[in-house]
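Okay, structure first, notes after.
The values are calculated or read from the model by the stated rules, or taken from the named source; none is laboratory data. Everything numeric in this text was worked out from a predicted model, so none of it was measured. Cβ atoms come from the backbone with ideal geometry, glycine included; neighbour counts cover every protein chain shown. When the accessible area is computed, the model is the full protein with side chains, heavy atoms only, and any ligands, DNA or RNA have been set aside. Shrake-Rupley method; radii C 1.70, N 1.55, O 1.52, S 1.80 Å.
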Amino acid sequence: MGKNLLFICKHSESEQDFLAAMKDREIEIDTASNGIEAAACVRKKEYQVVVTGLTMEGYNGEQIISYLNKHHPNTVCIIYTTTISPAQLHFFINKRDVFRVFLRPVDYQKEFLPALEEAYEHYDVQTAEREEQAAERTEAIEMRREREQLLLRIKSRRTLQEAMGRYMKRLMGHTIAQYGAELPEDVRKRMRGVEREIVDLCCCAKDEEAGVAKAGEAVKNIRELAGLPQ
């Protein structure tokens, strides 16, 4: 992406001086002579650097800068004005994140152009930082979503295991009573051990189908132990 810039100034001679100083620079430059034109520009296009005066028709410099702070926070703002009070200077530097303030007239070659190069570097740094922060936020959101899904799966599996456990434990004893009442006590004891192992296996099933399959296997094994036909 090439460099771009918006120059906002109500003084036509200052605009011409600025364009003359920038003629050898590979920068796409738009100009506005009042706040209304400036507002139209910043609403339809994102600028890397905006150079603005403070007193203008329509929207003033503070309103333009406030809009940029809110909607295009990466844009680097430079004030170029005839006069500015210490209170205004403090406000724009500390509250509106203005990068530089220049008073007319300015030496473009010695003062303004070096600052402009720094402004583009500052834009690149800000953009990279915000992109990194956005990527970190996206990653954090994705990790939180995956964690929530994992917790849901764990909860679902626990619910399944608990339900299957209750079902299988109700079968314990009944199977022996139904299929092995006449068996010797030592055999019945071994069958109860087998039942408990099968119940534990059923409770570890990953899903309902696996649990049902394990339950069927339990009945089959107990019938086999009891010597009953399948």
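Just one residue in the set Tyr80, Tyr59 is surrounded by 14 or more Cβ atoms within 10 Å (Cβ to Cβ) and closer than 18 Å to Phe112 by Cα; that residue is Tyr80. Within the bounds of region 109-121, is there any residue that is under 28 Å from the mean Cα position of the chain (by Cα) and open to solvent by 70 Å² or more (accessible area, probe 1.4 Å)? Within region 109-121 (the criterion being under 28 Å from the mean Cα position of the chain (by Cα) and open to solvent by 70 Å² or more (accessible area, probe 1.4 Å)), the answer is yes, since at least one residue qualifies.
Tell me, which residue of region 62-76 that is over 15 Å from Phe7 (Cα atoms) and in contact (Cβ under 8 Å) with a residue 40 or more places away in the chain is most open to solvent (accessible area, probe 1.4 Å)? Looking at residues that are over 15 Å from Phe7 (Cα atoms) and in contact (Cβ under 8 Å) with a residue 40 or more places away in the chain, I get Pro73. Annotation note: of Ile27, Ile93, the sole residue that is under 30 Å from the mean Cα position of the chain (by Cα), closer than 20 Å to Glu118 by Cβ and either modelled with pLDDT of 95 or more or open to solvent by 20 Å² or more (accessible area, probe 1.4 Å) (or both) is Ile93.
Residues in region 11-31 that are part of a helix (DSSP H, G or I) and not aromatic (Phe, Trp, Tyr): Ser12, Glu13, Ser14, Glu15, Gln16, Asp17, Leu19, Ala20, Ala21.
What about Val51, is it at pLDDT 95 or above and within 19 Å of Gln109 (Cβ to Cβ)? Answer is yes for this residue. Among residues of region 78-103 that are within 16 Å of Gly53 (Cβ to Cβ), those with a beta-carbon under 6 Å from a residue that is open to solvent by 70 Å² or more (accessible area, probe 1.4 Å) and not in a helix (DSSP H, G or I) at least six positions away or on a different chain give the pairs Ile78/Arg100. Would you call Glu148 under 18 Å from the mean Cα position of the chain (by Cα), of a type in the set (Asp, Glu) and surrounded by 11 or more Cβ atoms within 10 Å (Cβ to Cβ)? Considered against the rule, which asks whether it is under 18 Å from the mean Cα position of the chain (by Cα), of a type in the set (Asp, Glu) and surrounded by 11 or more Cβ atoms within 10 Å (Cβ to Cβ), Glu148 comes out as no. The conditions of being open to solvent by less than 60 Å² (accessible area, probe 1.4 Å), without any contact (Cβ under 8 Å) to a residue 60 or more places away in the chain, touching a helix residue (DSSP H, G or I) at 6+ places or on another chain (Cβ under 7 Å) and within 30 Å of Ala134 (Cα to Cα) are not met by Leu54.
Here Gln48 meets the list (1) over 25 Å from Glu121 (Cβ atoms); (2) open to solvent by less than 20 Å² (accessible area, probe 1.4 Å); (3) touching a residue at least 60 places away in the same chain (Cβ under 8 Å) almost entirely, failing just condition (1). Within the option set Glu28, Glu57, Glu46, Glu62, being acidic (Asp, Glu) and touching a strand residue (DSSP E or B) at 6+ places or on another chain (Cβ under 7 Å) holds for one residue only, Glu28.
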